[in-house]
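Here the structure comes first, spelled out in structure tokens, and everything after it is commentary.
A short reminder: the numbers here are calculations on the coordinates, not readings from a lab. Note that the structure is a prediction, hence the values are computed from the model and not measured. Heads up, the Cβs are rebuilt from the backbone with ideal geometry, glycines too, and the neighbour counts pull from every protein chain shown.
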Amino acid sequence: MRPKELVTAWVEAFNRADASALASFYSENAINHQVAESPVEGREAIRAMFAGGFASAKMVCIVENIFEDGDWAILEWRDPLGLRGCGFFQVLDEQIVFQRGYWDKLTFLRQHNLPVPGR
């Protein structure tokens, strides 16, 4: 599976809120670094991160663009509430080995009526 195809399948699993399916796309020692958070390392920790996220908020990823360059796929996305972001996925041997995502955490917390740290 090429990086772009893998990220397309990743979006489908994300929109089903299927943390286990999402985790299956990652290598055993993958790193997922959402820049608003500390990096998460390892497939099981990544699964737990997604499960926790899906338990606290209804999240939907609407694809605006998916680009591919070598072993990288770049996802530009938005959600129905207006949040926008992008993700960079390095794919080796048909598994995500590294992911970095950029999005506005404060906007996300406010949109989902979640506590804002420090308040």
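I'm trying to understand the selection: among the residues of the range 29-73, which are farther than 18 Å from residue 11 by Cα, free of Cβ contacts under 8 Å to residues at least 12 places away in the same chain and in contact with a strand residue (DSSP E or B) (Cβ under 6 Å, 6 or more places away or on another chain)?
Selection gives 39, 40.
If we keep just the residues of the range 43-94 that are of a type in the set (Gly, Ala, Ser) and part of a strand (DSSP E or B), which is farthest from residue 1 (Cα to Cα)?
Among residues in the range 43-94 that are of a type in the set (Gly, Ala, Ser) and part of a strand (DSSP E or B), the one farthest from residue 1 (Cα to Cα) is 85.
Would you confirm whether or not the range 97-114 contains a residue that is surrounded by 15 or more Cβ atoms within 10 Å (Cβ to Cβ), in contact with an Asp or Glu (Cβ under 7 Å, 6 or more places away or on another chain) and within 18 Å of residue 8 (Cβ to Cβ)?
Scanning the range 97-114 turns up no residue that is surrounded by 15 or more Cβ atoms within 10 Å (Cβ to Cβ), in contact with an Asp or Glu (Cβ under 7 Å, 6 or more places away or on another chain) and within 18 Å of residue 8 (Cβ to Cβ).
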